[in-house]
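Only the coordinates and a few stated rules stand behind these numbers; no lab work does. Keep in mind that this is a model prediction, so the values were computed, not measured. Cβ placement follows ideal geometry from the backbone for every residue including glycine, while neighbour counts extend to all protein chains displayed.
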Amino acid sequence: MQGFEIRDAALAVENVPLATIADQVGTPVYVYSAGAIRARYRALADALAPHGATIHYAVKANSNQAVIALLRELGAGADVVSGGELARALAAGVPADRIVFAGVGKTRDEMAAAIDAGIHLFNIESEPELETLAEVARSKGATARVGLRVNPDVDARTHAKITTGKAENKFGVPIERAPAFFARAAAMEGVEAVGLSAHIGSQLLDLAPYRQTYVRLREMALALRAEGYGLRLLDLGGGLGIGYHGEAGPDPRALAAIIGEELGHLDVQLAVEPGRWLVGAAGALLSRVILVKHGVTKRHVVVDAAMNDLIRPTLYEGYHRIEPVAGRDRPDAGPADVVGPICESGDYLAKDRPLPAVAAGELLAVRDAGAYGAVMASTYNSRPLVPEVLVDGDRWAVVRPRQDLSAMIGLDRVPDWIGG
Ligand code: LLP
């Protein structure tokens with residue numbers, strides 16, 4: 001099973017019609033294909049196998065326990081960026097020694113929790129962070145393994161909000177400062193600098209920036225070794241993009257070939273941190289049309305999913321295919337804006353999108369929403385978080401129920417000095 005397919009002229013996930021899920025769980029709902037996630041993981045693992053690289057799933061892309069556990073079952077470790085993600089990865093059974101912890105602003109509490117858990121690696125992004133980690137580790141009589149996240153000053157040529165490897169970005173330490181950083185770490189108790197890491201951005205469709213980054217990493221790794229540092233690990237980050245227009249997108253074998261050419265002879269443990277590539281295409285946001293409005297210049301298809309459920313279109317100009325679940329052979333009726341009910345003009349899922357004439361009540365699937373969909377949702381306009389469903393062949397399960405409205409409101413407290 002590879003995910004989304006047409007069955008009996010309607011869109012299904014593996015063997016389960018999307019209409020069945022919508023009828024039983026309601027809409028909006030995120031639906032994921034376990035088979036598609038497995039296929040992606042295996043393709044990546046096979047491509048990387050000759051280089052012995054470990055895979056640390058970037059749980060920020062989709063941190064549902066079922067999704068993390070599914071990938072853990074296949075052998076994935078985890079890349080986490082907060083104490084919350086660390087707790088999620090551990091709760092889903094990811095062994096601590098396969099967890100790497102990145103992020104520019106780890107707090108002392110988060111560091112302490114990760115040291116207590118015994119994680120594999122801290123990717124450290126600044127000198128002050130190194131000092132703090134060393135202090136926290138010393139207070140526990142521990143030694144934390146550190147990879148230095150370097151900023152290679154490479155343009156990933158992706159959207160400005162998801163580019164991380166340019167000198168002006170907040171991420172990492174300028175690569176030329178790595179020797180001073182290693183010298184500082186070597187003089188400290190509580191930390192052991194074992195490697196370098198780099199993550200230059202997300203949704204990379206062009207692999208050339210990876211090669212540029214690897215060349216810089218290799219040069220710095222060799223320079224550090226020449227100075228006598230025991231460099232044994234390179235974490236290459238994530239970022240591999242997917243084809244949001246339905247095209248194949250970059251092939252992990254092409255990335256693996258570049259890894260082999262540029263880093264294959266270094267005798268280091270290689271690691272990668274993919275998120276989107278593993279889960280993005282394996283998910284859809286299923287939504288129902290509330291009504292269709294014809295304005296002076298536009299057709300607005302108002303659906304029950306909104307920017308709070310999927311923020312990518314409005315935040316990153318992200319393109320997601322939108323397809324009717326049934327009646328797929330209808331002719332195009334011209335461009336439409338597919339919009340949610342939220343009181344903002346930025347609340348859209350698609351702009352000027354060719355669509356057939358759609359009717360109130362029918363189902364639309366917003367494709368490639370498995371990554372950075374549910375995890376970025378909010379309750380804006382007091383809209384409860386939507387449920388998530390995982391399909392595996394004929395089986396399916398609600399892996400997160402719809403948030404209960406009264407439980408959501410019940411989180412608030414009215415202080416007793418407000419009368420009434
Ligand atoms: N490693 C690090 C250190 C990261 O910061 C990220 C993503 C990843 C790995 C995984 O990247 P991926 O393989 O998924 O591209 N919300 C945005 C994407 C933000 C990515 C942030 N960092 C979006 O919806 O496009």
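Expressed in Å, the radius of gyration and Dmax of the Cα atoms of the chain are 23.0, 73.
Label separation (Asp329 vs Arg7): 2.0 nm, computed from points 7 Å beyond Cα along the C-beta direction.
Remark on the stretch 109-230: ratio of C-alpha radius of gyration to 2.2 N^0.38 Å is 1.10. At full extension, Leu291 and Asp206 could sit 26.6 nm farther apart than now, given 0.36 nm per residue minus the alpha carbon distance. Note on the stretch 34-278: antiparallel DSSP beta bridges, both residues inside, total approximately 5 percent of the bridges counted. Label positions at Asp352 and Val375, each projected 7 Å from the Cα along the C-beta direction, are separated by 3.2 nm.
About the centre of its Cα atoms, the stretch 1-135 shows a dipole size close to 480 debye [charges on the beta carbon of Lys, Arg (+1) and Asp, Glu (-1) only; nearest 20 debye]. With each label modelled as a point 7 angstrom along the Cα→C-beta vector, the Tyr316-Ala45 pair spans 2.6 nm. If a spin label sat at a point 7 angstrom from the Cα of Arg157 along the line to its beta carbon, the backbone N atoms of the stretch 199-215 nearer than 18 Å would be those of 200-215.
Each Lys or Arg adds one and each Asp or Glu subtracts one; over the other residues with Cβ under 14 Å from the Cβ of Gly280, this totals +4. About the centre of its Cα atoms, the stretch 1-76 shows a dipole size close to 300 debye [charges on the beta carbon of Lys, Arg (+1) and Asp, Glu (-1) only; nearest 20 debye]. Full extension of the segment from Arg225 to His265, taken as 0.36 nm per residue of separation minus the current Cα-Cα distance, would add 13.0 nm.
For the chain, give the magnitude of the charge dipole about the Cα centre (Cβ charges: +1 Lys/Arg, -1 Asp/Glu; no others), in debye to the nearest 20.
Details: 43 positive and 51 negative charges, 55 e Å.
Charge dipole of the chain: 260 debye, to the nearest 20.
Report the local net charge at Ala76: Lys and Arg +1, Asp and Glu -1, summed over other residues whose C-beta lies under 12 Å from its C-beta. With Lys, Arg at +1 and Asp, Glu at -1, the net is +2. Please say if the stretch 34-278 is rounded, prolate or oblate, where rounded means a/c under 1.5 for a ≥ b ≥ c the square roots of the C-alpha gyration tensor eigenvalues, and otherwise the choice is prolate for a/b larger than b/c and oblate otherwise? Note, shape of the stretch 34-278 comes out oblate.
Pairs of Lys residues in the chain, spaced 8 or more positions apart or belonging to different chains, with C-alpha separations under 28 angstrom: 13 in total. The length gained by stretching the chain between Ala96 and Asp116 to full extension, at 0.36 nm per residue less their Cα-Cα distance, is 6.2 nm.
Beta bridges per DSSP, both residues in the chain: antiparallel share near 50 percent.
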